Structure formats: C-alpha cells, structure tokens
C-alpha cells in the first residue's frame, strides 16, 4: 500500500505491506536504527517515537495508519554534532549505561513534557484543577512505560528534571 509519512521533516513515500509496523518501517525500510526493537509487544518503550508530537510505541502501530503523519525519531531530535539539550542532559547526568533504551527514553521524555505543559493528568496527579508540578513521583509515573534494564532510573529522572528546569 502506498503510504507517505514525514519522518524527521522529510516526506517519505513508501510501498508497504499493510502488516508492517511503524518500527520495522523506520528501521528496515528507512534505515533509521536509532529506534530500538526491545520486546516487540509494547511493554518496554525502547521503540518510542513521536507521531504528530505525541509519544507512541512504534512496535504496536502499523505504518499505513500514519499516512500523512509526521514522525520524529531520535535521529530527528539531535545529531552527534548538534545534540538536543535533553540529550546533553542525559550525558551530563550519566543517564544511560548500555544506551539501548536511551532513544526511547528521550523521545518519551519529550512527549511527556509536552503532556505536562498541556496539563494532562496522570495517575499520580493529586489536584486535577492545579497546574501539574513535575515531582519525582509524577515524572516516574509518566515515564513508567520506558524500561531501563541497567537501572539508570535515578540518573534518567535527574536528566529530565535538569532539562525541564532549563526548558520551562
């Protein structure tokens, strides 16, 4: 099926099997290996990307569902020559060990911070009428769909809070 997806700012026209996931499209058809295949069941978050600014697990989404959509992967967030400030915060806070989950963590964090900016509540949000405060518990709840098998969670929280403090 003919599908056009804008990936990292570039419109890409593809002929895809209707069963091809967005994750496999990014990695195998477009040569963007930054988005990782972890569990392939939507449980680990390694495949998180932003679709029209909203974070999704790309392993659970068919590429043809995104015809006309805008997808941002880790490759579209920053480059080794020009890191995004959140990527810099991850480096500064040593928020990774093996680095496998890091692209998904960064994409998810950017999506999550946009949700906070729009005042979307989470399970941890105590007062639904007040502006959301990004406490450690609030941040952990919102990032709970992204697993780090190396257990760099304290550093990930520190990196996101460091970036969010500078981005606010």
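Since every read-out is calculated from the coordinates, none of them should be taken as a lab result. As the structure is a computational prediction, the values presented were derived from the model and not from experiment. As a convention, Cβ positions derive from the backbone with ideal geometry for all residues, glycine included, and neighbour counts pool all protein chains shown.
For region 85-167, averaging the sequence separation of C-alpha pairs within contact (under 8 Å, six or more residues apart) and dividing by the residue count gives a relative contact order of 52 percent.
Residues 117, 36, 82, arranged from fewest to most other Cβ atoms within 10 angstrom of their Cβ, appear as 82, 117, 36.
Gaussian network model of the chain, Cα springs within a sub-10 Å range: biggest mean-square fluctuation belongs to which of 111, 68, 145? Highest fluctuation of the listed residues: 68.
Under a Gaussian network description of the chain, with springs only between Cα atoms under 10 Å, the residue in 73, 48, 25 that fluctuates furthest is 25.
Against the main long axis of the alpha-carbon atoms of the chain, helix 153-167 sits at an angle near 90°. Computed over the chain, the per-residue total of -39500 (n - 2.57) for DSSP H runs of n ≥ 4 gives a 222 nm mean residue ellipticity of -8500 deg cm²/dmol, rounded to 500. Calculated from the structure, volume of the Cα convex hull per residue in Å³ equals which of [x] 123; [y] 114; [z] 209? Computing volume of the Cα convex hull per residue in Å³ and matching it to [x] 123; [y] 114; [z] 209 gives [y]. Could you tell me how many degrees, from 0 to 90 and to the nearest 10, lie between the Cα long axis of helix 102-117 and the main elongation axis, the longest principal axis, of the Cα atoms of the chain? Helix 102-117 sits at roughly 60 degrees to that axis.
At full extension, residue 136 and residue 10 could sit 41.8 nm farther apart than now, given 0.36 nm per residue minus the alpha carbon distance.
Computed on the chain, with alpha-carbon pairs under 8 angstrom and 6+ residues apart, the relative contact order is 24 percent.
Each of 75, 81 has some number of other Cβ atoms within 10 Å of its Cβ, and from fewest to most they run 81, 75.
Modelled this way, with points 7 Å down the Cα-to-C-beta line, the labels at residue 119 and residue 88 are 3.1 nm from one another. Suppose R0 equals 25 Å; then what is the FRET efficiency for residue 18 and residue 40 from their Cβ-Cβ distance, rounded to the nearest 0.05? After rounding to 0.05, the efficiency reads 0.90. Annotation for region 2-79 versus region 105-132: alpha-carbon center distance of 23 Å. Each of 147, 160 was scored by other Cβ atoms within 10 Å of its Cβ. Listed from fewest to most, they are 147, 160.
Between 140, 27, 19, the GNM of the chain built on Cα springs shorter than 10 angstrom shows 19 fluctuating the most.
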